[in-house]
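Q: Input: one structure, supplied below.
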Ligand SMILES: [Cu+2]
C-alpha cells in the first residue's frame, strides 16, 4: 500500500477508528452514570419522604448555576470554532480557541467549587439538597476529566510543530480523529449539564 | 516490532530489577498513600461537627483508600502515559511488550500477559473466598453460634459473597477474554491496552481492599450492601464500598475496551457472521458491563456521601429512601447475573463443536439468544424486590419480563442440544465440564422460575432456596465453564500439559459433590432456613451437617484442582502439542507460545469457525496474507 501511515509499526486506521468508536461507547457509559443521578432526583422527589424532599429554606443559588452552565456552553461553542479552524488548517486560531475552550471548562469547575462554599444549605438538608450536591459533583468530575482530555489534544498539537507542514499526515489524521471524538463527548456532557441545570435550579 | 524495549542488561545485579514501576513499588506507595490519606482524613474529620461527635471517621478511611490507590497505580506506572500526554507527547499504542518474568509484575500492554495475570489473581482469590465458605459451613454444623459470634459470621458471609461476585464477574472475561479475543478476531492487541492492563490491577486491589474490612470491624450487609443497614454499619462497610467501586469501575472499563476492540480491530474477512461465539458472548457481556456497572458506581458513591458528608439519600427520615439504593443496586445487580452467566455460555458453545466434531447448530440463534438476554436483563431488576413493599401493581410486569428471559436462554440450550444431537462425542475433560455446566445451569435456571414468580417468591425469598439457586447458576454454571475453559485453553496459554488423570478425578468429584452440597439446600430453603443467619431451627441440623460435610469434600476436590495447576505449571512443565484438540480456532493455529504480537502479518479470515466434518471446508484463515489494514468487512 502506497500511502500507509504507521505508528509504532502499526497502521493507524484502527487507532483512528478507536477514537470514533471509543468516544461513542464512552457516551453510552456516561448516559447510565448520569441516569443514576437523574433516577435519584425523580425517585426521591416523587416519594417526598417526611415532606423533606425540598424544604422551603433550601434554595439552589441560580446565579452561580447560570454562570457555571454559561461557561460550559461557551466552552462548547469556542471548541466548535477551534475544530472548524483545524479542519481549515488555520492552526493559530485552533490553538487559541482550543486553549480558551479548555480554560472555560476549568472555569466552570472552579465556579462549581465556589458555589459549594456559597450554598447556604448543607448536604443533609433533605433529599433535594443531597441530590443537588451529588449530581453537580458527578458533573464536576466528568468536566474535569474532559478538561484533561482537551488539554492533551491541545498540548499534542503545540508540541507537534509550529506549522501543520511539520507534522506527518498520520499525525494529522490522529489529531483530527481525537478532536472529533472529544467533540462528540463534550457536546454530550454540556447538554447533560444544561439538562441538569434545568432540573436542579428550575424544577427543584 | 517493538520488543524488548526495557529488557535489562544482563550484568545488572538482581535487586536492581526491583526498582522501577512495578508491583513492589505499587504496594509500597499504596501503603504510604493510605497512611497519608488516613492522616489527612483525621485532620479534616476533627474539624467537622458530625464526625467529631462520633468515634468513627469514615472520611479518614475513604481518603486513605483513595490516596492508597493513587499510590498503588502510580507505583505500577499507570500515570506515566497520562502525564506524558498532558505534556503533549504523541499518542502511543502500547508499552512494555517484552519477554521475561518482570512483565508479569508491572503494567504490561501485551493482552496475553494480562490474561495470565488475571488467571493467577482469580485463582488465588477463588481459593481465599472458597476457604471462607468452608468457615461458614463449619459454623453451620451447629444450629446455634458455636465458633463465631453473629457479627463475625455475617462478615464471613459478606466477604465470601462480595469477593466471589467481584472475581466471578471477571472469571472468564478476564483471563480468557483478554487472552483470546484479540487472537480470535485476528488482531495484535486490544483497542486500549493500557486500560486493559489497569483493569487487572484493579481486580487484584479490590479483594485486598475488601479483606481490610476484617480489620475495621467487618460489615453486616452481605454482598448486596443494602441501606439503611449500610449507612449505619461501622468502618468495615467503607472497605466493601471501596472494593465494589473499584470492581464496578473495572467492569465498565473492560466492557468499553472489549466493545471497542471487536468493533474496530477485526481482521479482514472477520465478518460479524464469522465471529466465534466465545467473542459474541463477551460482546453481549461487555454491553451489560458498560451500561450497568456505572449505575453501581454511582449508587456506591451516593453511599460514600451518606457516610461522610451527611447526605440523606438512603434514610427516609430526612427525605431519602432505602429503596433508592435497592433499585440502583439491582439495576446493576440483575444484568450482573448475566455478566456472570453469558461468558460461560460462550465457553460452552465454543467448546462443544470441537469435541462433537460437527458444526455448531444454529449460529444465528445463539447470537440472538445472547443479545436477547442482554437486552431483557435491563428490564427485570425489581424481581429482587417483590417482598420489599414496592408498588404491588408493578410486580406482574417484572414477573413477566423475568420469565421472558428463559426464552433467549432456551435458545442457547437448543444450540447446545442441536450440536450434541447425533454427535460422536470425545469425552475429554473440557467437554465433561461443559456437559455438567449445562446440567447444573438447567437446575439453576428452572429453580429461578419459582423465584421470578411472585406468589412462590413470597415464601421462598430470603431463604436458602435463593442461595442454592444462585450457586447452581454461578458455581454450577459459570464455575464449571471456568474449569472447562481452563482445561481447554491451558495448553495454549502456558504451552504445558496438565495431569489428565487428576483432571478427570477433579471433574467427577466436583460434579458429584457440587450437587450433593447444593441440591439439599433447596430443601433447606423450602423448610424455611433463612439466608445470612448464624442460627437455624434445630430440625434443620441433619441437612446442614450433610451439606457441611459434602462442602468440605467439595473444597478438597477443589484442592485437587489447585494441586494440578501448581504441579503442571510450576513443577512438571511437560510441553503440550500445538493443537491437542484438533480445533479450528484461530488461537490453535498459532505457534505455542504465541509470539509477542500474535501474527507476523495480519491474517485474512476466509471461513467460519465451526465447520467441523464439513467436506471441503476451508481453513479459517490464510496466515500469510498481504499486510492489509485491520478491521471488519
Ligand atoms: Cu435478578
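The values are calculated or read from the model by the stated rules, or taken from the named source; none is laboratory data. What you see is a predicted model; the values in this text were computed from it and never measured. Glycine gets a Cβ as well: all are built from the backbone with ideal geometry, and neighbour counts include every protein chain shown.
Q: Of the conditions (1) more than 19 Å from residue A:72 (Cβ to Cβ); (2) within 11 Å of chain B (Cβ to nearest Cβ); (3) touching a residue at least 24 places away in the same chain (Cβ under 8 Å), residue A:135 fails just one. Which one is it?
A: Exception for residue A:135: condition (1).
Q: Quick one: would you say residue A:68 is buried (at least 19 other Cβ atoms within 10 Å of the Cβ), over 30 Å from residue A:173 (Cβ atoms) and either out of contact with any helix residue (DSSP H, G or I) (no Cβ under 9 Å at 6 or more places or on another chain) or at pLDDT 90 or above (or both)?
A: Here the answer is yes, as residue A:68 does meet what is asked.
Q: Return the residue satisfying two criteria in turn: it lies in region B:388-426 and is outside any helix (DSSP H, G or I) and closer than 17 Å to residue B:360 by Cβ, and of such residues it is farthest from the ligand (Cβ to nearest atom).
A: So, considering only residues that are outside any helix (DSSP H, G or I) and closer than 17 Å to residue B:360 by Cβ, the one farthest from the ligand (Cβ to nearest atom) is B:424.
Q: I've got another one for you. Residues that are farther than 30 Å from residue B:614 by Cβ, at least 3 per element: which helices (runs of 4 or more DSSP H) completely within region B:490-591 meet that?
A: The qualifying helices (runs of 4 or more DSSP H) are B:500-526, B:541-566.
Q: Quick check: is even one residue across region B:363-379 within 12 Å of the ligand (Cβ to nearest atom), in a helix (DSSP H, G or I), surrounded by fewer than 24 Cβ atoms within 10 Å (Cβ to Cβ) and within 12 Å of chain A (Cβ to nearest Cβ)?
A: So far as region B:363-379 goes, yes, one or more of its residues are within 12 Å of the ligand (Cβ to nearest atom), in a helix (DSSP H, G or I), surrounded by fewer than 24 Cβ atoms within 10 Å (Cβ to Cβ) and within 12 Å of chain A (Cβ to nearest Cβ).
Q: Something else now. Do we have any residue at all in region B:190-203 that's within 23 Å of residue B:473 (Cα to Cα), under 13 Å from the mean Cα position of the chain (by Cα) and in a helix (DSSP H, G or I)?
A: yes
Residues are listed down the side, and each one gets a yes or a no for (1) within 14 Å of chain A (Cβ to nearest Cβ); (2) crowded, with 23+ Cβ neighbours inside 10 Å; (3) touching a helix residue (DSSP H, G or I) at 6+ places or on another chain (Cβ under 6 Å):
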{"position": "B:136", "(1), (2), (3)": "no, no, yes"}
{"position": "B:152", "(1), (2), (3)": "no, no, no"}
{"position": "B:164", "(1), (2), (3)": "no, yes, yes"}
{"position": "B:171", "(1), (2), (3)": "no, yes, yes"}
{"position": "B:176", "(1), (2), (3)": "no, yes, yes"}
{"position": "B:182", "(1), (2), (3)": "yes, yes, yes"}
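Q: Could you check region B:281-315 and list, in sequence order, the residues that are at positive phi and more than 7 Å from chain A (Cβ to nearest Cβ)?
A: If the condition is that a residue be at positive phi and more than 7 Å from chain A (Cβ to nearest Cβ), then no residue fits.
Q: Sort out which residues of region A:1-59 are under 20 Å from residue B:390 (Cβ atoms) and more than 9 Å from every other protein chain (Cβ to nearest Cβ), and write them in order of number.
A: A:38, A:41, A:42, A:45, A:46
Q: A follow-up question, please. So for region B:336-346 (the condition being over 16 Å from residue B:381 (Cβ atoms), within 16 Å of the ligand (Cβ to nearest atom) and touching a residue at least 40 places away in the same chain (Cβ under 8 Å)), does at least one residue qualify?
A: Yes, because at least one residue in region B:336-346 is over 16 Å from residue B:381 (Cβ atoms), within 16 Å of the ligand (Cβ to nearest atom) and touching a residue at least 40 places away in the same chain (Cβ under 8 Å).
Q: Just to check your reading of the model, which residue among B:542, B:520 is touching a residue at least 12 places away in the same chain (Cβ under 8 Å) and either more than 24 Å from residue B:149 (Cβ to Cβ) or outside the structural domain of residue B:130 (by TED's automatic domain parsing) (or both)?
A: Exactly one of B:542, B:520 is touching a residue at least 12 places away in the same chain (Cβ under 8 Å) and either more than 24 Å from residue B:149 (Cβ to Cβ) or outside the structural domain of residue B:130 (by TED's automatic domain parsing) (or both), namely B:520.
Q: If you don't mind, another one. Suppose we filter region B:441-467 for residues that are farther than 19 Å from residue B:340 by Cα and either modelled with pLDDT of 95 or more or out of contact with any strand residue (DSSP E or B) (no Cβ under 9 Å at 6 or more places or on another chain) (or both); how many remain?
A: Of the residues in region B:441-467, 13 are farther than 19 Å from residue B:340 by Cα and either modelled with pLDDT of 95 or more or out of contact with any strand residue (DSSP E or B) (no Cβ under 9 Å at 6 or more places or on another chain) (or both).
Q: Could you tell me how many of the residues in region A:74-88 are under 15 Å from residue A:150 (Cα atoms) and not in a helix (DSSP H, G or I)?
A: Count: 0.
Q: Restricting to region B:417-448, name every residue that is under 24 Å from the mean Cα position of the chain (by Cα) and over 22 Å from residue B:503 (Cβ atoms).
A: Result: B:442, B:443, B:444, B:445, B:446, B:447, B:448.
Q: Could you list all residues from region B:411-454 that are without any contact (Cβ under 8 Å) to a residue 24 or more places away in the chain and under 25 Å from residue B:382 (Cα atoms)?
A: The answer is B:446, B:450.
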